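Everything on this sheet refers to the single structure shown next.
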Amino acid sequence: IDCSGAVIIGKKSHIGRNCQIVTHTHNTKKRDTPVLQAPITTSAVTIGDDVMIYSDVVILPGVTIGDGAVIAIRSVVTGDVEPYTVVAGIPARKIGERT
């Protein structure tokens, strides 16, 4: 868990083995700035209550995962996940929902 920015994890949520939660990025757009000197931007990651995050998942900065969501194994979460949604893939996309 990269704690450059805030990480909020709700009650009764599970984070599987080898997951990565990233809260910062480097602004590497400018050619005249060496990549190792690129400015850093941080964005919080929020994980709701009763969330299941399976193994090897990567969660990128600024993402909010809603209550009751399920993130499939080896997914890369690049955007917000609605409550009770099941997502999978790279990038993670909705494949179902919990009813």
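The values are calculated or read from the model by the stated rules, or taken from the named source; none is laboratory data. On a predicted model such as this, the values are computed, not experimentally measured, just so you know. All Cβ positions, even for glycine, are placed from backbone atoms using ideal geometry, and neighbour counts span all protein chains on display. Surface areas here come from the heavy atoms of the whole protein model, side chains and all, with no ligands, DNA or RNA. Shrake-Rupley method; radii C 1.70, N 1.55, O 1.52, S 1.80 Å.
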Could you list which residues have their amide H under 5 Å from that of Ser4, counting only those 5 or more apart in sequence or on another chain, with H placed in the peptide plane? Thr23
Compare the peptides 16-23, 36-43 by average per-residue count of other Cβ atoms within 10 angstrom and give them in order, highest first. 16-23, 36-43
What does the net charge come to around Pro39 if you take all other residues with beta carbon closer than 11 Å to its beta carbon, with K and R at +1 and D and E at -1? +2
Quick one: what does P(r) look like for the chain with 10 Å bins over all Cα pairs, in whole %? 18, 47, 23, 11, 2, 0
Could you work out the mean projected area of the convex hull around the alpha carbons of the stretch 25-79, in square nanometres to one decimal? 4.4 nm²
So for the chain, taking the charge dipole from beta-carbon charges (+1 Lys/Arg, -1 Asp/Glu), which of Asn27, Ile15, Thr41 sits furthest toward the positive end? Asn27
Excluding Ile71 itself, what net charge comes from residues whose Cβ is under 14 Å from its Cβ, given Lys and Arg +1 and Asp and Glu -1? -1
Fraction of accessible area attributable to carbon and sulfur, the chain (%, probe 1.4 Å): 52 percent
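How large is the accessible surface per residue of the chain, computed with a 1.4 Å probe and reported in Å² as a whole number?
That works out to 64 Å² per residue.
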Order by accessible surface, 1.4 Å probe, largest leading, for residues Asp80, Asp32 comes to Asp32, Asp80
